[in-house]
Amino acid sequence: MELVEYGRWHRGIILPLAAIPLIAAIGGAAWAVAQPPTYRHVVELQVASPTDTTGAAMTEQSVATFRTLVTSSAVIATVAKKADVDPDTLMSGLSTERPDTDNERGTVVQVIYVGEDARQAAVITRATALAAVDDLMRPYVAQAESEVKGAKKAAGDSAKALAKAVAKSGLAPDRYTVLYAEITRLQSELAAPTGDRDRGDILKAIDDRQKQLARLTPDLVPFMSVQNEADQANRYLVQVQQNLHDAQARLTQSEASITPVTPEGVAQGKTSLVVRAVAMAGGVGALLAVVILLLRELLRQRRPATHLGPPRVSATLVAPSRTPPIPVTPQDVRVIERGDHNGTTDQRQLH
């Protein structure tokens, strides 16, 4: 059955059902208008990269992580406690955006809060930005602090080992260098055509220094190994201390970049809220009307028949010429049996 014909035959139910979405939309609009005024506040900040060697991919990841942290449970709990706001209300009002700068995405992120208190909205956006930045950068600072702590311990252990080696054999590399230089000088003096010293004294001095080198050589390699380890530990300590300084500087830089767009929250118009409420309520009303109509049709199709006995059969035979019609009742219907060639019986009934 076509929709037009169906509507004509069932307009008694179609019209009330069609009024349901309209009434729902009006109710949604009335609800939206009755809502208290809301205020929107925005702060901007520049999300710093974790390290100097961070590429574009890591920078984007850092920005994405910050935006996720803004509505994370940890940040929500921190800000709710600080601003004395219900966490669910805080969650529903917070959001983030990235403004376009010269058609390119930068590291600037906007933290937005929409609430019923203009002054409190400004407090919430700044507290949220600070908490999210701290959660983003604190792991890097904590890691750098841990590395500095470990490097200090390693440098201290290396310094103790070096001091022990010096106490045992002195400054072996320096002594080795001095003895080797003296032997070279004495050999040059021995080879000179005219020398003031006796040749035997020179040979004795060379032999004495060579014996000192022989005694010093077994301690030279271990001493140099300990000294190299101490030097490497000191260099690593300087490096991780610089990393810690950089991480703390980036955290401070991100916190210092938090800037409010307006001093307080800006009152929001209700047009968009009304449109959303009307669309949602009207859609729900239309769905409800369709469900009611389907249920009605289903119940109509399952309604039991009123006539349980066999239908009454009536027929009218029209006689030729002007003879009046002869009424025929079911009692006047006869069954004519005719046998065929196979011995079967063909039964026909006149209706």
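Whether a residue is under 18 Å from S95 (Cα atoms), under 16 Å from the mean Cα position of the chain (by Cα), among the basic types (K, R) and modelled with pLDDT of 80 or more was assessed, and R67 passes this test.
Taking the condition of being of a type in the set (G, A, S) and free of Cβ contacts under 8 Å to residues at least 40 places away in the same chain, how many residues in the range 124-149 meet it? Walk me through it before giving the result.
Residues of the range 124-149 that are of a type in the set (G, A, S), as a first pass: 127, 129, 131-132, 142, 144, 146.
Narrowing the set further to residues that are free of Cβ contacts under 8 Å to residues at least 40 places away in the same chain leaves 142, 146.
Going through the range 124-149 one residue at a time, the tally reaches 2.
If I ask for residues that are open to solvent by 70 Å² or more (accessible area, probe 1.4 Å) and out of contact with any Pro (no Cβ under 8 Å at 6 or more places or on another chain), which ones from the range 223-249 would you list?
The initial filter retains those residues of the range 223-249 that are open to solvent by 70 Å² or more (accessible area, probe 1.4 Å), namely 224, 228-229, 232, 234-236, 238-239, 241-242, 245, 248.
Within the range 223-249, N228, E229, Q232, N234, R235, Y236, V238, Q239, Q241, Q242, H245, Q248 qualify.
Each residue in the range 250-267 was checked for being open to solvent by 70 Å² or more (accessible area, probe 1.4 Å), assigned to a loop (DSSP other than H, G, I, E, B) and touching an Asp or Glu at 6+ places or on another chain (Cβ under 8 Å), and 1 of them qualify.
From the list D84, D100, the lone residue that is over 22 Å from A267 (Cα atoms), surrounded by fewer than 18 Cβ atoms within 10 Å (Cβ to Cβ), at pLDDT below 90 and of a type outside the set (A, V, I, L, M, F, W, C) is D100.
For G28, are the conditions met, namely being modelled with pLDDT under 70 and in a helix (DSSP H, G or I)? No: the conditions fail for G28.
To keep it simple, each residue is scored yes or no on (1) within 19 Å of the chain's Cα centre (by Cα); (2) among the hydrophobic types (A, V, I, L, M, F, W, C); (3) closer than 21 Å to L244 by Cβ.
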| position | (1), (2), (3) |
| --- | --- |
| V47 | yes, yes, yes |
| A57 | yes, yes, no |
| S62 | yes, no, yes |
| A80 | no, yes, no |
| T125 | no, no, no |
| M137 | yes, yes, yes |
| E147 | no, no, yes |
| S158 | no, no, yes |
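The values are calculated or read from the model by the stated rules, or taken from the named source; none is laboratory data. Owing to the predicted nature of the structure, the values given are computational and were not obtained by experimental measurement. Note that each Cβ is placed from the backbone with ideal geometry, even for glycine, and that neighbours are counted across all protein chains shown. Remember, those area values only see protein heavy atoms, side chains included, never the ligands or the DNA or RNA. Shrake-Rupley method; radii C 1.70, N 1.55, O 1.52, S 1.80 Å.
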